[in-house]
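Worksheet: the structure to be examined is printed underneath.
Each value in this text was obtained by applying a stated rule to the coordinates, not by laboratory testing. This is a predicted model, so every value here is computed, not measured. Virtual Cβ from ideal backbone geometry, glycine too; neighbours counted across all protein chains shown.
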Amino acid sequence: MQARLAGETILHYFSIELIVTSPMKRATETAQLIADKITLPPEKLVMLDDLRERDLGSLEGLDYARAPQHNGNYEDVEKAPGIEPIAHLYARAECVLDQLRRRPETHILLVTHNGLGRMLKTVIAGGQPLDLYKQARLENAVVYPLPDDIGDNHN
């Protein structure tokens, strides 16, 4: 239902030329529902592996109430065994933005996850990797426009 409502919002307020999605199941399903709603042709829906969510290592699958590191929203999460290093997540976000800048489309919808989405915002703002924790949590199926100046002619 959330994806359908997001699709409705996009249909009425945005002109999307391309949807780029994480390969993770929930994201691809959301992207497909939105693509169907806005009647985007199948070739304009692409998967990008770097949009996958951060590997949380030993914290994977725990809800925030049971996670030992202050609900997963503080820098001490970085000490969790097996977590994807924050510098790697930052580099993935930079790579995503680089790939988007090279695309011919100017209105691109990204369907991704909270951690990667927050890191994208951090990179765009010119922040450092740990600045991720200064970014507000992203809610499911909400459209967050990025600034027009992520490079070249992209919105």
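If you run the Gaussian network model on the chain, springs between alpha carbon atoms under 10 Å, then out of 87, 35, 27 the most flexible one is 87. Using the Cα coordinates of region 2-134, the gyration tensor eigenvalues translate into equivalent-ellipsoid semi-axes of 28, 17, 12 Å, sorted from longest to shortest.
Once both labels are positioned 7 Å from their Cα atoms along Cα-to-Cβ, the gap between residue 125 and residue 99 label points is 2.4 nm. A straight chain from residue 44 to residue 60 at 0.36 nm per residue would run longer than the Cα-Cα distance by 2.6 nm. Between 32, 77, 107, the Cα set farthest toward the positive side of the dipole of the chain (charges on each charged residue's Cβ, about the Cα centre) is that of 32. Net charge dipole, the chain: roughly 220 debye, given to the nearest 20, about the Cα centre with Cβ charges of +1 for Lys and Arg and -1 for Asp and Glu. For residue 25, a cut-off of 25 angstrom between C-alpha atoms picks up these lysines, skipping any fewer than 8 places away in its own chain: 37, 44, 121. Comparing 18, 140, 127 along the charge dipole axis of the chain, the residue lying farthest to the positive side is 140, per the Cβ-charge model. Contact order for region 2-134, expressed relative to its length and based on alpha carbon pairs under 8 Å spaced 6+ residues apart, stands at 29 percent.
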